[in-house]
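The values are calculated or read from the model by the stated rules, or taken from the named source; none is laboratory data. Remember, predicted model here, so these are calculated numbers, not experimental data. Here the Cβ positions follow ideal geometry from the backbone for every residue, glycine too, while neighbour counts run over all protein chains shown. The accessibility values were calculated without ligands, DNA or RNA, using every heavy atom of the protein model including side chains. Shrake-Rupley method; radii C 1.70, N 1.55, O 1.52, S 1.80 Å.
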Amino acid sequence: MYVINGAECFDPSPRGHLDLLVSGSEVVAMGAPGSFDALVDGVGEGGVERVDAAGKLLVPGIVDALTHPCGGGGEGGFGNRTAEIDVETFVRAGVTAPVGALGTDSIGRSLDVLYGNVMGMRRQGLNAFMLSGAYRVPAPSLTGDIARDVYLVAPVVGVGEVAIADHRGTQPTPQELRRLAAETQLGGILAGEGGTVLVHVGAGDSRLQLLRDALEDSDLSPSVLYPTHVNRSTALLDEAADWALRGGFVDITVSTTPELIAAGDITSERALRRLLEAGAPAEKITLSSDAGGSLPVYVDGELVGLTAASPGSLPELLLQLHGDHPDLFPVALAGMTRNPAAALKLADAGELTVGGRADLLLLDPAAGAVESVMAGGQWLLRGGDYLR
C-alpha cells in the first residue's frame, strides 16, 4: 500500500495538489494533502509506504494508441526493418498501456508474433493491447474472423492500422472499409470493449475522403474509424478537424524528423493548436508515438538509413509543453491518456480515478524526465531505476 503525496495531480484534468492512496492494483482513495497521514503514521511498518512526490507531476499512465512492438519498416527490403521494442523502453517513456499493431509488413511479421509480444508485455506488468489486421484489406486475423478476434482474444481491441491514401496500401473500396468497420464494431459490442478501426492516412491527395465515403448512408458512427498521422499536412489537419466535429477521433503522430517536417509534416504543438483553432473538440484529439515505425535519415538529400520512432517522444512533448506552452499541457495529457482510451473503448485505462487501475507516473519538470512509473499498483520504474 502506498500514499503518494506532495505532487500536483492531473487525472488528466488539473486537480491541484492531491494525495493518492494505492492498495493492490487500484487507486482506493484521493484526498486533500495530508488526508492519509494518520493511516501512514498508524500503520508504520505494517505496509503503508509514503512516497514523497513534492515538485513532481502525478499523471495517469500513457495510453499509446499506435506502437509497433515487434518492429516496423521493411518497405526498403529486409535491411530496412526496425527492431522489437522491449518493455523497459515503454516503461521509461511512461507508457503503461501500449497498443501494438502491424504495419506495412504483415507477412514477415505476423499477428501471431505480435500477440506473443503483447502477452509478454502483459506478463511483465504493462496493460498492453493489440490490433488485429494490418495495412491490407481484406484484413488478416488470428482466428480467421475479425469480429471473433475482437470478441474472443483478450488483448485485441480493434483492427489496424489499415492504410488509405497511400500507395503501400491495398486500395480498399468504401464498401470494403465499411464492412471491416462493421465487423470490428460488432466484435467490440459483444466483448464490451474495443471495436475501433485505426486508419493509417498516407500522403495521398484523397486524404480522408474514403472515410467519408465509407460511412455515407450507413448506420455507423464516425468514431468507429480512427485516423492517425493526421499531421502530415495542413490540408489533412483541416479535414481531421472536420472529422472530429462529426464525432470521430483523430490522432497526431508525435515522432517525426527534421526531414519529414521539411517535407510537410506539422509538429505536434502546431498541429494541436491548429485543430483546436479549427473547432475540433479537445476530447476528440489524441497523440501517439508510432513507436517502432521507421523514420528515414537523409544526408544531403540522399537516404542513408533509418531510425525508429520512440515512445519517449510522448513524455518529451508533455514536459516541453508544461514548460513552454502550459495552456496546452492538460490538452496534450488528455490526448495521451483519457482520449485514446475512449477512442479504443478501453475500460480501465487513461484516468486516475477511485476504484480504477493504478497506472500512473511521476514526471519531474525540473529534470525534464519520467521519474517513476507504476502499473497495476506495482512500481516498474522508481526514482529513475528500472525494477524488472
### Query
Taking 0.36 nm per residue of separation and subtracting the Cα-Cα distance, what length does fully extending Ser23 through Ala203 add?
60.1 nm
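Give the calculated FRET efficiency between Arg273 and Arg15 to the nearest 0.05, with a Förster radius of 22 Å applied to their Cβ-Cβ distance. Walk me through the numbers on the way to the answer.
On the way: r = 24 Å, r/R0 = 1.11.
Approximately 0.35, to the nearest 0.05.
Efficiency by 1/(1 + (r/R0)^6): what FRET value for Thr257 and Gln171, r their Cβ-Cβ distance, R0 = 22 Å, to the nearest 0.05?
Working: r = 27 Å, r/R0 = 1.24.
Efficiency at R0 = 22 Å is approximately 0.20.
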### Solvent-accessible heavy-atom area per residue, rounded to whole Å², over region 61-104 at 1.4 Å
28 Å²
### Summary
For His229 the rounded accessible area (nearest 10 Å², probe 1.4 Å, non-protein molecules ignored) is 10 Å²
### Task
Pop the C-beta distance of Asp86 and Ser110 into the FRET formula with R0 = 25 Å and round what comes out to the nearest 0.05.
0.80
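Just add up the charged neighbours of Gln175: K/R +1, D/E -1, any other residue whose Cβ is under 13 Å from the Cβ of Gln175.
Values: positive: Arg178, Arg179; negative: Glu176, Glu183, Asp213, Glu216, Asp217.
Its environment carries a net charge of -3.
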## Note on the structure
Relative contact order of the chain (C-alpha contacts under 8 Å, at least 6 apart) in percent is 20 percent
#### Entry: Nearest-20 debye value, the chain charge dipole, Cβ charges on Lys, Arg, Asp, Glu
540 debye
### Query
Rounded to the nearest 500 deg cm²/dmol, what is the calculated helix-only ellipticity per residue at 222 nm for the chain, with -39500 (n - 2.57) per DSSP H run of length n ≥ 4?
-8000 deg cm²/dmol
### Task
Find which of Met130, Thr337, Ala291 sits farthest along the positive direction of the dipole of the chain, computed with +1 on the beta-carbon of Lys and Arg, -1 on that of Asp and Glu, about the Cα centre.
Met130
### Message
At 7 Å along Cα-to-Cβ for each site, give me the label-to-label distance between Val354 and Met1 in nm.
### Response
1.6 nm
### Message
Ignoring ligands, DNA and RNA, please state the percent of accessible area on the chain from carbon and sulfur, probe 1.4 Å.
### Response
48 percent
### Message
Run the paramagnetic zone check for Asp213: 7 angstrom along Cα to Cβ, then residues of region 136-170 with backbone nitrogen under 20 Å.
### Response
136-139, 162-170
### Message
What distance in nm separates the two pseudo spin-label positions at Ala38 and Leu152, each 7 Å out from Cα along the beta-carbon direction?
### Response
5.4 nm
### Task
Mind checking the full-extension length gain between Thr143 and Glu75? Use 0.36 nm per residue of separation minus the Cα-Cα distance, one decimal, nm.
21.8 nm
